[in-house]
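The values are calculated or read from the model by the stated rules, or taken from the named source; none is laboratory data. Everything numeric here is computed off the predicted structure, so don't read it as measured data. Here the Cβ positions follow ideal geometry from the backbone for every residue, glycine too, while neighbour counts run over all protein chains shown.
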Amino acid sequence: MPLLQVKRVSFRYGDQWTLRDISIDVAAGDIVGLIGPNGSGKTTLLKIIDGILNPASGEIMIEGMKASAMKRHDLARVIAVVPQDFPMIFPFSVEEIVLMGRSPHLGRLSFESKSDINIAHEAMKLTNTLHLAQRKFNALSGGERQRVLIARALAQEPRIILLDEFSAHLDMRHHIALFDLIKTLNKSRNLTAVIATHDINTISQYAGKIVMLHEGIIHAIGAPDAVITRENISTVYETNVLIDKHPKTGTPRLTLSSNLM
Ligand code: ADP
């Protein structure tokens, strides 16, 4: 039985359908890449998986159980999200933000124990954010904030992590380091990941399965080789690209070329 099933999910904000009849099976230990142009529905789908939005029809299933029937607290012990942005009015410190990740594991009214603090610090070490612990989250750079949000998600000790454009603000070093971290946790803890991204070259190296969304429907789903083709990219992104193989990993490599040359 898949750990996570998106079962025939449709959704609309207003009159227009944003997602139509989306079905995806995610097995424990899978890394799934979610790609598609701006507005294709990636963020909406991640919010539905996390239970922030309710589908108009269809269901999210966790090990065969309807996620809609689970308590928020219980769902948060299975799924953690790294959102694209995290508007924060109150001036929390980085350490306080990461400790928030422990809340699904605390009893009502109980405070963090030494072990919760250790888990939060470990997550901060893994994401290279421990030195920022006492800084205000709001005063960090976009890339630093993203690393803190990954630390918060890891402190949650989820079985599934959903990442929404998490590498957009990261410099090269942190970009690869954090993809490597997800892969390492995937191997060592069987962490399952669904990663929405525009970075097709990188996700092709890490994901076993790519879901390509186009105007709210699944245009293609399968191994990176099968999905990252010139035809699919041309249809979905309306862009001409060159595709060859990454010289080291053999995964699809996409190169943009100017329309003017
Ligand atoms: P992606 O993450 O692929 O860029 P989104 O899921 O953010 O796509 O958006 C899908 C569609 O839903 C877009 O047309 C977007 O304008 C619309 N949309 C997103 N959020 C809202 C909202 N809160 N209210 C109304 N429409 C929305």
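Can you tell me which residue is nearest to residue 5 (Cα to Cα) among those in region 148-183 that are in a loop (DSSP other than H, G, I, E, B) and not charged (D, E, K, R)?
Per the criteria, the residue is 158.
Can you name the condition, by its number, that residue 1 falls short on among (1) at pLDDT below 95; (2) within 12 Å of the ligand (Cβ to nearest atom)?
All conditions pass for residue 1, except number (2).
Please work out which one of (1) β-branched (Val, Ile, Thr); (2) at pLDDT 95 or above; (3) assigned to a helix (DSSP H, G or I) is the condition residue 60 fails and give its number.
Going through (1) β-branched (Val, Ile, Thr); (2) at pLDDT 95 or above; (3) assigned to a helix (DSSP H, G or I) one by one, residue 60 breaks only (3).
Among (1) farther than 19 Å from residue 167 by Cβ; (2) within 15 Å of the ligand (Cβ to nearest atom); (3) in a strand (DSSP E or B), there is one condition residue 34 misses while meeting the rest; what is its number?
Residue 34 satisfies all of (1) farther than 19 Å from residue 167 by Cβ; (2) within 15 Å of the ligand (Cβ to nearest atom); (3) in a strand (DSSP E or B) except (1).
Only residues that are within 16 Å of the ligand (Cβ to nearest atom) and in a strand (DSSP E or B): list them for region 184-211, please.
The answer is 194, 195, 196, 210, 211.
Quick grid of which residues meet (1) at negative phi; (2) of a type in the set (Phe, Trp, Tyr); (3) at pLDDT below 95; (4) under 20 Å from the mean Cα position of the chain (by Cα):
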| residue | (1), (2), (3), (4) |
| --- | --- |
| 185 | yes, no, yes, yes |
| 199 | yes, no, no, yes |
| 204 | yes, no, no, yes |
| 214 | yes, no, no, yes |
| 223 | yes, no, no, yes |
| 227 | yes, no, no, yes |
| 238 | no, no, yes, no |
| 244 | yes, no, no, no |
| 260 | yes, no, yes, no |
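Return the residues of region 174-196 that are under 12 Å from residue 33 (Cα atoms) and polar (S, T, N, Q); say none if nothing qualifies.
The answer is 192, and nothing else.
Hey, can you tell me all the residues within region 221-238 that are assigned to a helix (DSSP H, G or I), in contact with a Ser or Thr (Cβ under 8 Å, 6 or more places away or on another chain) and under 21 Å from residue 41 (Cα atoms)?
Selection gives 224, 233, 236.
Pairs please, first residue from region 28-47 and closer than 10 Å to residue 196 by Cβ, second anywhere and assigned to a loop (DSSP other than H, G, I, E, B) and near the ligand (Cβ under 6 Å from one of its atoms), Cβ atoms under 6 Å, 6+ apart in sequence or on different chains.
Short answer, once both residue conditions are applied: 42/36.
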